Structures are given as structure tokens and as C-alpha cells.
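Data first, discussion second: the structure below is written as C-alpha cells.
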Amino acid sequence: MLQPRMARLLLLPGYALLALTLIGPLITTLVISLGRRAPSGGYETALSIENFASVLSRSTAFLNTVQLSAFGAAICILAAIPVAFFIAKHLKGSVRYTVLFLVVLPFFTSFVARTYAWYFALGGRGLPAVLEWIGLGRFRFLNTDFAVAIGIIYAYLPIAILMLFVAFDRIGDDLLEASNDLGRGKVETFFSVVIPLAMPGLISTYSLLFILLSGEYLIPMLLGGGKVYFIGNAIVDLFLQSRNWPLGSAVAISLMSMMIVVAFLSQIFQRMANRDGRIG
Amino acid sequence: MDRKELSVWVEKYRRGHISRRGFLTVTGIGATMLGMGIRPSRALSQELSGTVTLATWPSYQNQANLDSFTEKTGVSVNMAIFGSNEEMMAKMQAGESGFDIIAPSQYAIPLYASGQFIEPLDLSLLPNYDAAAVEPRFVEQGTFDGKTYAVQKNWGTSGFIINTTMVTTPFTSVKDYFDGIRGPYSGYGVALDHPLDTVGFALKYHGYSFNSVDEAELKKAEELLLETKPHLYAVTTDFQPMMSSGDASIAMGWSFNAMQLHRDMPEIQYVIAKEGGEIWCDFYVITRNGPNRAAAYALVNHLLDPANNVLEFEAHGSAISDTRVLALLPPEVQTDPILYPAKELLDPLEFGIAEAMSNPLRNEIMARFKSA
Amino acid sequence: MRLAPEAEGGGANAPDDRTKGQRMNDGGGTFRGVTKKFGSFTAVNDLSFEIEAGSFVSIVGPSGCGKTTTLRLIAGFEFPTVGSVFIGGSPVERMEAYERPINMVFQSYALFPHLDVFDNIAYGLRSRRNRRPAAEVKARVNEIIGKMQLSGKEHNRVWELSGGQQQRVALARAIVNNPKILILDEPMAALDKKLRRDVQFELQSLQRELGITFIMVTHDQHEALSLSDRIIVMNRGRIEQIGSPDELYNRPASRFVASFIGDFNLLELEKPAAGGTVDVAGRVLAVPQERAGEGATIAVGFRPDALKLSAAAPGAGGEAWRATITNVIYLGDKVEIKLDCPSSGTLLARADVARLAERRFRVGDTVHLTVEDSDFHHFTK
Amino acid sequence: MRAFSLFIFLFLYLPVAVIVVFSFNAAPNMSAFTGLSLRWYAKAFSNPLAIAALTNSIVIALCSAVVSTAIGSAVAIGLMGTSRTTRIVVQSLMMLGLAVPGIVIGLASLVFFSAAFSGAEQAVAMLAGWEQAAKLFSFGRPTVIAAHSLFCTALVVEVISLRLRQLNPSWLEASNDLYAGRGETLWRVVVPFIVPAMVAGGLLSFVLSFDEFIIAFFVSGTKPTLPVYMFASVKRGATPELNAIATSMLTISILVSVVAFSFLRRGQARA
């Protein structure tokens, strides 16, 4: 429907943006990853793939990242599904948008501050003190996988709710009613109609969350206290602490490759889910 | 500048050893511009105006001094806050050139100087600086190749901060730290997220120099660190809340952390290890290519005014060695055991050095320690 | 109507800049050798036909026959690969949809969800190419809202309307622009049967009242038969036959048309006709004069009403014209009887209930069949 | 489900509550609540650094939201009319823009912009002989906005594409049929249809840009954004001043959003 000429025109600013902020910097990263650490840190021209071989030295961080991201994204989705469904299908008119707005509202306070608030909430004088007072014993949450998981779930839950809201909102009420009519209760309808139809949305949400999570840096830094160490932390340290930019770039490129694979798989799964979910 | 010299600079630029503006200036491209009627931006002008940018640490300057400077000169002061010397240096190495003044620690100065990020100070523009009033060992840390690149701001030490209600065994040494954490205090120790100190103390445990870059010695240090890692509660520079909440009982830390914690909770004590550790000193340096050099000199000079420096002390709470300032401070400050420890405690301390900061192996050990 | 500048000298003729007299002349459409290919698939193959201005034309055919493509070629959503399209005598095959004096009622109605009823109807009158003054827009839209019995719904959201109301809005949105041709793409598809009848009557009256050429695509042959002046029957991208409902019913040009329009009993011949006669299960029929020039007859057939049943053997045809009744369906005044005939397979008979009153046929009965020679249609294709 | 939603809301608001409560704490640190006080607000609002960082962040987030909503909408619409290959390439690049870790894009942008600026400045100085050329470009708001616009645009494209998938192609044909050309159809049918997605994308962009830390840390030059400032402060021990800043931010945001919301409502009623 759109004329190719107009389409090209509309895409032009997008191309410019991509060239300036993505392609240029990425090529720079690639060039740096083939270089060598200068004696006092930074980058020195060279041509070697040695840095990519050294990426293996960060395998613990990779493993940590993948595990917690996969887990965190799953929990985000599981927690977001009832909320998003509730907003999309049980709330009407302006109420639903007000509620959606309330989901986003915590975002308006600083992320650093919010994460720092968890630092205190999970710290010795926070939740553990409450639990001890109740008589459940002495807990320590900070600097554990648990704390980092709480942090990332907290940070990414609103995104999950928003994305799933869109996915659920697209499913017509008539389909739910049709299923109810065909003798399936609410729960059964949810699993036999809503979930299959929302599958592409679920998959894209999960993969986006996974990708965002695996690039996370601040949360493990603040709540992991150097005990839970993501690949993002490894990259930041390589750039800002050891100033080994070539290795940092190589690790970054490896991480990106992993993300690209995830995104690619997500596309394939979405397409498959789309095919399955198509009606007629 | 002859051809050979130029090619050396070109090579340095190519390797990223110097910044692009440094390169332009040094190689005479700046001079070419001058010849073409282009006045280099860094030319000093007598009139002060615009904005001057100071890169420093959090809670490290007194706003009152900056305000009075603005009032006096009309130059507004912008501050960029950094978390560590390494961060600051990484950003400079990546080509950031908007800072006029930076506040690095002693070990970073040779790197900035050799990388052409900073240049020897024109002391005639800093009448408030009196080298004779500052302890020579600190003055010396601000020089490179015999030239003064930096003027002292404040100094401090690295040691251990313990909560005496939780740490009941005697605690006086690096050994007590590592053995304590691997022993009775497992799960309650904090190491600094700072390669120089953390690797340095691990070296000290084995009796080596804090600044060692010897491979064999570093290997032993790494073994110790990796052994300790599972017993640690955290590896961070932001350990004060953990200490005050009782989540941690032993932390590797800096004297100003100890000051703050001790003030609120007297049971928290500062220990300078008997084997030694680090003594450090922060400086003001003026960047080579900062946008407002004249104002940079004026601001540093303003901050070094002894009366103003007293206000600075109130803000950062670290020791100052300028005798003119000390004379203005209450006597109990100079006898404070955390701020001004006894000489015999200070003697074994070493200044962190540039080689240790930039050594690839030390950095890699730190990275492996953190990712373990 | 705004045509291409070269067609009408660039004048800003709006769709309504015409008198009623002209309307009858300039609303015709012509296809000349139109072929439309999508890649290697030929959707429409060498189509040529004329549509008389002011007539109600239906295009029918099975799914995939090319009727929708033909419609879209008229509307301007597709452009011919080869051939020309004329509207009111002007070539339009290179004109965009928004340049053609044609409006369409979409199958799904395609009402804009972000606009209310009034704004949906006013959409065309507010388009840059066709902009009317606000007062006129208001007057015309209100008039049409009244005519289409949508009063009081002006500011309703379109999704709040019933299916019938939505269809009226879609219709109003198209005719408010006074197009030369109104295109209706399966307009009844989404309506229930009762409503469908009403809408059919309304459409017919509306077309008479407006005098606009209506072109309707439908897969429902009954709908086409009852509404249209002329019907275009399409199959596999080609036209099978164009004619009035009467012509199509009584003189189908091909086996396809015969089977598609109305019910038909088709008998494929094992041997093509030879020497002016055909042998149909033992019966020798003379090929009618008018068919003789078209080539060999390959099939014959007859309408269900031509088939007469009797309990006793009428003589000719013998065993081949005996059949067993498998179904009897009463349709009020008519009865339909399905028969299993050993020689011709399944046949359908239809008769007035009144005529059958004296004898009741039951499932399982064996009957003798009679068809007059003149009731046989002969097909060469 | 209602109960669970309520629980999730509690979870989302718990840290916010901590921040708000401790911003009024009289104690010098966050270890205990000792009494009500406004001292941290006084301190925050007399801290020009914090104020400058806050202003900076608001300006950057606004610009990023506007830029990325404009570019993102154009791209999402443009993608409807391009070849499959172009669409896949652009979508993959956008996805990449979202996926690239901030640290990578931040540092890479710093090095890349630095090189590009230096080249451009030299060219201008040599060719035009303009003496101020060496100061022509510097890091600051524009660089942060550019870098933030990447992931914000990617997000907007995603959100709007999702919406466009629900666009009934017949609407476009109907519009064409009703004398509206392609451009007019875009403006009168497609754009109104994606407005909710644009608003959502814009809001999300604002929020993400406002909170983005690591990219801003690298390319904000000498003017830190609020997260950069806060992060640096946290690294040497946070004070409740941060809570006061965060609480103020929250208050302003709520006010702005309520105003924006009521405007949107009024606009809806009129349309």
C-alpha cells in the first residue's frame, strides 16, 4: 500500500540513526577487539584474535548470567501473566490505563535509587530484621543470587506486564466467551485459548527480557556485591578497572553473539507459534 | 619539531597513548593552525569567564568554596563525579577532553603525565601553593620526570575496619584479615573492589611488596584471593551500610570510610596492619587540553587558599598535610588516630605506584577474583 | 467526478458535479483484454466485458475464480498486467483508487475504528482531493444518515454498532460521495439470513433511486439472480458467460454455468455427438440447430423441474431411465427428490407439491423418469 | 488474580515506599528511622550538582522520547512498504540496538564519536579556517540523546509494529477509495491508529532514557545525568539526600503525568 519511494524516505532517519549510534560504534568495538591492551591500559593497534580465546576466562560470569537471566525472565513472565491478564481482560475503560500507568509509575523514581532501596530492604536492618523479629531465624539476603533475582525481577516486571498486556489485549473477548461457551472454565480457557494465542507475545517478551537481563550490570553490582557477577560486570571491569579494552570488546562481542542467537531463536519460535495460533 | 620526533608522536597517538588534542598540540598541527590564524583554544586569556569543569570523587569538595569562586570570578563550576581513578583514566583514554581539573590519586599521575593528558603546572599561577608547607613525601608523589604535575589535596591510608562487638579475637594484621575471613568470620568479610588495594593486601599477606608485579608473587596472591572469595560477604567499595547493619564485620577500607563509620558507631574501629598497606594522596591536576585552562588555575589556587582548604577538610574529612591548614584546624584533629596515625604505623605503608595500577597481570588477577 | 486531468481537462470535478441525466451515460465500465498476473499465477485472464451505466451487475463464481481481482481492478487497488479499463469512456487502468470516481463497500466494511459514525461517513468529503466545505459536509452526511436510518448514531463508535448498522455506515460512507460506480464486495457475507433479505431489497431500491452503477461480487448465486440486471460468471480467471439472470438460467453457455447457476442434472457423454445426434443412456437426441456450429456436444443436462417421475414405465429409455428415490425434501410449495439412477448417477427432481398430491413418493421407491427432448441442454464446453 | 495483582503492586511499590519514607528521616544514614525531618530536601535542593544533573536528565529524556518516537514511528510505517529483505535487515539491526549491552554501546560510542568529532573538526579547521573549529563538537546532551535514541527507537519500532500488525489493510484501501492519497491515508488513518502505541512508546522511551546509566556515563561528557550522579554518589556511601531527590522526581513525574493524562482524556472526548 505504501509507495516504495515513500517507505524509503520514512526509513531514512532510521538508517542515519543506526549508522551513527550502532554501526559506527560496533565497528569500532570490532576493531578494538582485534587489538591489544596498551601498556598503561586502553587500546593499542594490533590484529589478533587472541582476545577471543581469552573470553573463556570469563566463563563463570557467562554461566552466572545465563542462569540468572533465564530464571529471572521466567519469573518475570510468570508474575506478569496474571497481572497483565487482569488488566487486559478484567478492567475496562480508563481504569485499565490508570492501572497500567501505576505499573510504570515506580519507573519514574531513579532506577539507581530503587535498586539501592532494595539494598537496604534486603540488608541486615531490613527484611532479615523483620524475619528475625517474627522468629523465623537469622537470614542474610544481600549479595546472593536471591537478592540479584529480586532486583532484576523488580526492575523488569513492569516491562513484562506492559508487553503481555499488549499481547492479551489483542485476544478478542469473543474467543474467551466462545471457549467458555464450549464448556471450558476460566482456567482451562486460559491455558487452551489465551496462552496459545498469546504465545508469540510470550516468546518475544521472554527473549527481550532475557536479552535485557543478560546485559545487566547495575543490579548485580549493587545487590550482588561482587559475589554475583554478570558478564556485564566483567565487561565494565575490563573497560573501567583493568582497562583491557580489547578483551572487554571481545567479551562484549561474544555476549552480543549470544544475544543475537537468542533473538534469532525467538523469531523462529514466534513464527512457529504464529503458525500454530492462526485461526482458520 | 623534526620529522623523527613527529613520527614518534604519531605512533603514540595511533596507539592511543595520547589524546587527539594532545596530539594536535604536540605535533605542531596546533602551530600550523596558529599560522593560519587559528588561535588554539587552550591559549591563556587574562579574563576569566565561562565554566570550569572539575572531575572529582563524590562528597569530596565543599560547595561553599565553589560558590565563592563563582562569586569572585564569574566562572561557574561544573563537577563530574567519578567512582575510581581507573574509571576516570578510562574515560580520558577514550578521548573525553572536557575536564579542566581532575583529582587523581598519586599512582595515576605518572600515567596521566606520560600519556600527555596533563602537563607540568605553571606554579606561578598558583600563588597559594606552598610546597614547603606540605610534607615532602606527598610533594614528591605529585612530580613526574622532576616536574610538578600535581598539587596535594588530601591524603589517607588503606587498612581494615572491624566491628569490635563481632570481631572478638585480636586484630592487628593482614594475616588476621585473611585468616579471620577464612576462619571464624567466614561470610562476614568485605574486600575492596579496587585492584591496587585488594591485590596489594594479598601480596602483603605473603610478605611481598604492596606494589609487586612479580609473576610468582602475584600467583601466590591470586591463590589466596581465590581461596578467600567463597568466604567473603562482598567485594565492593560501598561497604559502609553493610558494616553499620552488622551484615559484615571486617572490611578492607580507606581511612575516610573508617572515620565516618566510627563517628556513628564507636564500636567500629580502624586497623592499620602491622605488615603495612597503602598510604595514598589525592591531588589536583590541570588537564592539558581542558577547555578553560585559565579558570582551572584560578580555581585550584582558590581551593588551596588555607582558609578555603579548611572548608574543604570539613567536606571530605580526609587528612591534609599543608601545615598552614593544620594550624587553622582544632588540635584534636591532628591527634585523631584514624586521620593522623602514629608514625610507626605509617612507616611500613607504601604509596601505590603506577606500575601496579597498570600492570596487566594484577588487573587480570583482580578480574578473575571477582568473577570467581 | 475527479478523473485524471488529461481525461477531463484537469477540472476539479467532484463526484456530484453531474446532473442526473449525465449519470446514466458516464457510469459505465469496460474491460478490454485485461490480464492480471501475480508472479506466475494468472488471476484474471484476458477479460473483456462492458457494464452499462446505471445497471446492477453481479460478478459470481467459485472462490479463486478471479472475481475479487476483477473488482479490485475496477476499484483501482490492482493494475492490469495487460489490457485497459474504462470508466465512463475514460481509460483508468493507470489511475489510483483515490483518483477513480468509484466507491466501495468492503466485505469487512473496513470502517475506521478511530472515527465515529459521522466522521467515517464524512471521510471522503474531507479528503484533500475531494474536499467539500464544512457546512456541505455536515449537510450531506446528515442527509445520508437520515436516509440510512442511522439518526442518533452519529457519534457512536463504529464497533458499538450491530452488523447491519455497520453495513449501512459502510454504504453511506461510499454513496455520500455520489460515485459513478458503487462496488460491493460480498456485502451480505456478514449478515444473517433474515437481515440479508431486507438488505437485498434495500440495495435494489437504493440502486434504482440513485441510478448509480452497482457492481457486486458475491458467491451466492441466488443473491446474484435476484438482484442483478446482468451477471458475469467467472471461472478460473475467465468469463464463462455474461447475461441476464434469465439468460443464464435458461440458456447456460457451458456446463459450468449450468451447474453454478441454479441446480442442474449434468450427464457427461462417453462418446461425443456424431452426425447431429447424441446418445444419452440409450436415448437418441437431435443436437439443436443453434448448437450445431459450436463443435461436438460433450455433455447434456436438464434442470430438476424438467424431470418427471412416474410409477409406471412410460415406454422409451427402458431400464436406463429407472431410478431409486434416496431423499425426499419438502420445501413448502415444492418438493425435491434425490434419485439414484444406474446409468446417470445421482439426479435431482423438483416438482410442485400440488402436482404430486395424488401420488406420494417414498424413499426406496423405484420410479420411471421422463424428460422432454426440448428440455435437454447441449454443451460443447 | 486480583489478590495476586495486588501483591505484585505491593512488590513494585515497596522500594518506592522505602525511598519516600527515608527521605523524611532525620537520621544521618539509612540504618534506622529516627524521626521526621526535611533536612535532606534542603540539602538536595541546595546542591547545584544534583539539580544540574536532574535538569540534564529531564531534558535528555524528553528529547530522546521525542526523537525516538518520531524516527521509530517513521521506521515502523516505512517497514510496511519495503521489501522483505530490507524489513528483516532493519528489524534485526533495531533488535541489535536493544540487545547491545549499554556498556558496549557506551564505550564504543565514546571512542567512535571522539574520532568522528576530531576528524570533522580538523576538516572544518583546515577547509574553513575557522578558529573555533576545535571546539565545534563536544560530548554532552546531544551525544547522550543520540545514543539513547538508539534503544528508545528500537523499542518504539517494536511497539508500533505490534500495533500495525492489527491494522486492517482494508482501512488503507477504504481510505484510498475515499479519495485520500497515500500520504493523506498515512496521516488520517495510519497515524491516528498508532497514536496509542506512539504515546506508549514515547512514555517508555522517556522512562528508559531518564533512568539509563551506563551509556550516559560514557557519553555525557562533563555534564552527568542524574543516574550517573547518583551512581557515583552511591559508590562512596549514599546519603538520604538521594532519597530526597528520588522522591522529588517521583512527585514531579506524578504531577506531569496527571496533567498529561487529563489532557489526553480531554483530547479523546473531543475526537
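The values are calculated or read from the model by the stated rules, or taken from the named source; none is laboratory data. Predicted, not measured: the structure shown is a model, and the values here were computed from it. Here the Cβ positions follow ideal geometry from the backbone for every residue, glycine too, while neighbour counts run over all protein chains shown. Heads up: the accessible areas ignore ligands, DNA and RNA and are worked out on the full protein's heavy atoms, side chains in. Shrake-Rupley method; radii C 1.70, N 1.55, O 1.52, S 1.80 Å.
With the dipole of the protein assembly as shown worked out from charges on the C-beta (+1 for Lys and Arg, -1 for Asp and Glu) around the Cα centre, which of B:Gly142, C:Ala172, A:Ser57 lies farthest toward the positive end?
Positive-most Cα among the choices belongs to C:Ala172.
Dividing the Cα radius of gyration by the Kirkwood radius, what Rg/Rh value follows for the range C:24-183?
Result: Rg/Rh = 1.01.
Kirkwood Rh, Cα Rg: Rg to Rh for the range A:198-244?
Computed over Cα atoms, the ratio is 1.17.
I want to verify a result. In a Gaussian network model of chain A, Cα cutoff 10 Å, which of these has the top mean-square fluctuation: A:Gly226, A:Gly151, A:Gly183?
Largest GNM mean-square fluctuation: A:Gly183.
Ignoring the sites themselves, what is the longest stretch of chain A with no trypsin sites (Lys or Arg not before Pro) in a DSSP loop and at most 16 other beta-carbon atoms within 10 Å?
With trypsin sites (Lys or Arg not before Pro) excluded where exposed in loops, chain A gives A:185-277 as its longest stretch.
Test of the criteria: in the range C:154-208, which GluC sites (Glu not before Pro) are in a DSSP loop and have at most 16 other Cβ atoms within 10 angstrom of their Cβ?
C:Glu154
For chain B, state what percent of all Cα-Cα pairs lands in each successive 20 Å bin, counting from 0 Å until the bin that includes the largest distance.
Going from the shortest bin to the longest, the percentages are 28, 54, 17, 1.
What are the extents of the Cα atoms of the range A:58-275 along their three principal axes, listed from largest to smallest and rounded to whole Å?
62, 47, 30
Can you say what percent of the DSSP beta bridges in chain C, counting only those with both residues inside, are antiparallel? Round to 5.
Roughly 75 percent of the DSSP beta bridges within chain C come out antiparallel.
Counting only heavy atoms of the protein chains, get the accessible area per residue of the range C:19-250 (1.4 Å probe) and round it to a whole Å² value.
With the other protein chains kept in place, the range C:19-250 gives 40 Å² per residue.
Hey, got the dipole for the range A:157-280? About the Cα centre, +1 on K and R Cβ, -1 on D and E Cβ, debye to the nearest 20?
Roughly 420 debye for the range A:157-280.
Taking only DSSP H segments of four or more residues, each worth -39500 (n - 2.57), what value at 222 nm results for chain B once the sum is divided by all its residues, to the nearest 500 deg cm²/dmol?
Result for chain B: -12000 deg cm²/dmol, rounded to the nearest 500.
Per the Kirkwood definition applied to all pairs of different Cα atoms, how many angstroms is the hydrodynamic radius of the range D:49-270?
After inverting the pairwise mean of 1/r, the radius is 19.7 Å.
So what's the gap between the Cα centers of the range D:187-204 and the range D:66-137, to the nearest angstrom?
24 Å
Gaussian network model of chain B, Cα springs within a sub-10 Å range: biggest mean-square fluctuation belongs to which of B:Ala294, B:Ala191, B:Ala64?
B:Ala64
Ignoring any ligand, DNA or RNA, what whole percent of the accessible area of the range A:63-133 comes from carbon and sulfur when the probe is 1.4 angstrom?
Summing carbon and sulfur atoms, their accessible area is 77 percent of the total for the range A:63-133.
Over the range B:46-115, what lengths in whole Å, largest first, do the semi-axes of the equivalent ellipsoid take, defined as the square roots of 5 times the eigenvalues of the alpha-carbon gyration tensor?
So the equivalent ellipsoid measures 24, 14, 10 Å along its semi-axes.
Taking every DSSP beta bridge with both residues inside the range B:162-312, roughly what % is antiparallel (nearest 5)?
Given both bridge residues lie in the range B:162-312, the antiparallel proportion sits at roughly 40 percent.
Under a 5 Å amide H to amide H cut-off, with H placed in plane at 1.01 Å, what residues pair with B:Glu278 once short-range neighbours are removed?
So B:Glu278 has HN proximity to B:Ser158, B:Glu350.
Tell me, what % of the accessible area of the range B:93-171 is carbon and sulfur with a 1.4 angstrom probe?
Result for the range B:93-171: 53 percent of the exposed heavy-atom area is carbon or sulfur.
If one puts a single equal scatterer on every Cα of the range D:1-115 and applies the Debye formula without solvent, what log₁₀ I(q)/I(0) results at q = 0.10, 0.14, 0.19, 0.23 Å⁻¹?
Each listed q corresponds, in turn, to -0.66, -0.99, -1.11, -1.21.
Defining a contact as two alpha carbons under 8 Å apart and six or more residues distant in sequence, what relative contact order in percent does the range C:19-250 show?
Over the range C:19-250, the number comes to 29 percent.
Trypsin sites (Lys or Arg not before Pro) within the range C:124-153: which are DSSP loop residues with at most 16 other Cβ atoms inside 10 Å?
C:Arg131
Nothing charged except the Cβ atoms of Lys and Arg (+1) and of Asp and Glu (-1): what's the magnitude of the dipole of the range A:58-275 about its Cα centre? Round to the nearest 20 debye.
The dipole magnitude comes to about 340 debye.
Taking a cut-off of 26 Å between Cα atoms, list the lysines near C:Lys308, but don't count ones fewer than 8 places away on the same chain.
Within reach: C:Lys271, C:Lys334, C:Lys338.
With each run of n ≥ 4 DSSP H residues scored as -39500 (n - 2.57), what mean residue ellipticity at 222 nm is computed for chain A after dividing by its residue count and rounding to the nearest 500 deg cm²/dmol?
-23000 deg cm²/dmol
Give me the Debye-computed log₁₀ of I(q)/I(0) at q = 0.14, 0.21, 0.23, 0.24 Å⁻¹ for the range B:123-227, equal point scatterers on Cα only, no solvent, two decimals.
-0.72, -1.07, -1.19, -1.26
Please report, as a whole percent, how much of the solvent-accessible surface of the range B:246-372 comes from carbon and sulfur atoms (probe radius 1.4 Å).
Percent of accessible area from carbon and sulfur atoms in the range B:246-372: 58.
Using the alpha-carbon centroid of each, what span in Å lies between the range B:274-306 and the range A:92-163?
Here the answer is 41 Å between Cα centres.
Using only alpha carbons, build the gyration tensor for the range A:1-111 and give me the equivalent ellipsoid semi-axes, biggest first, whole Å.
41, 28, 14
How big a patch of accessible area, both sides summed and in Å² to the nearest 100, lies buried between A and B at a 1.4 Å probe?
Looking at A and B, the buried total is near 3100 Å².
Quick one: compute the contact order of the range A:58-275, relative version, from alpha carbon pairs under 8 angstrom and 6+ residues apart, as a percent.
Answer for the range A:58-275 is 29 percent.
Set the bar at 24 Å for Cα to Cα. Now go through B:Lys370/D:Lys43; A:Lys186/C:Lys194; C:Lys193/C:Lys381; B:Lys147/B:Lys219; B:Lys204/B:Lys370; A:Lys92/C:Lys147 and name every pair that lies beyond it.
B:Lys370/D:Lys43; A:Lys186/C:Lys194; C:Lys193/C:Lys381; B:Lys147/B:Lys219; A:Lys92/C:Lys147
Calculate the translational D of chain C in whole µm² s⁻¹ from Stokes-Einstein, where the hydrodynamic radius comes from the Kirkwood formula applied to all Cα pairs, the temperature is 20 °C and the viscosity 1.002 mPa s.
Rounded to a whole number, D works out at 91 µm²/s.
Using only Cα atoms, what is the ratio of the radius of gyration of the range A:218-280 to 2.2 N^0.38 Å?
Dividing the Cα radius of gyration by 2.2 N^0.38 Å gives 1.66.
Cα-based Rg of the range C:25-83 per 2.2 N^0.38 Å, rounded to two decimals?
1.12
Hull surface divided by four, with the convex hull built on the Cα atoms of the range A:41-85: how many nm²?
For the Cα atoms of the range A:41-85, the hull's average projected area reads 5.5 nm².
Could you state the orientation-averaged shadow area of the convex hull built on the Cα atoms of the range A:133-251, in nm² to one decimal?
Result: a mean projected hull area of 11.4 nm².
What's the average, rounded to a whole number, of partner chain beta-carbon atoms within 10 Å of each residue's beta-carbon in B:357-366?
For peptide B:357-366, the averaged partner shielding equals 4.
Give me the mean projected area, in nm² to one decimal, of the convex hull enclosing the Cα positions of the protein assembly as shown.
One quarter of the hull surface, i.e. the mean projection, equals 65.6 nm².
Could you state how much accessible area is buried at the A-D interface, both sides summed, with a 1.4 Å probe, in Å² to the nearest 100?
For A against D, buried area totals roughly 7500 Å².
Under a 1.4 Å probe, what is the accessible area of chain D per residue, stated in Å²?
On a per-residue basis, 38 Å².
Nearest-5 percent of antiparallel DSSP beta bridges in the protein assembly as shown?
70 percent
Of the candidates A:Ala121, A:Ala198, A:Ala84, which one comes out as most mobile in a Gaussian network treatment of chain A with C-alpha springs shorter than 10 Å?
A:Ala121
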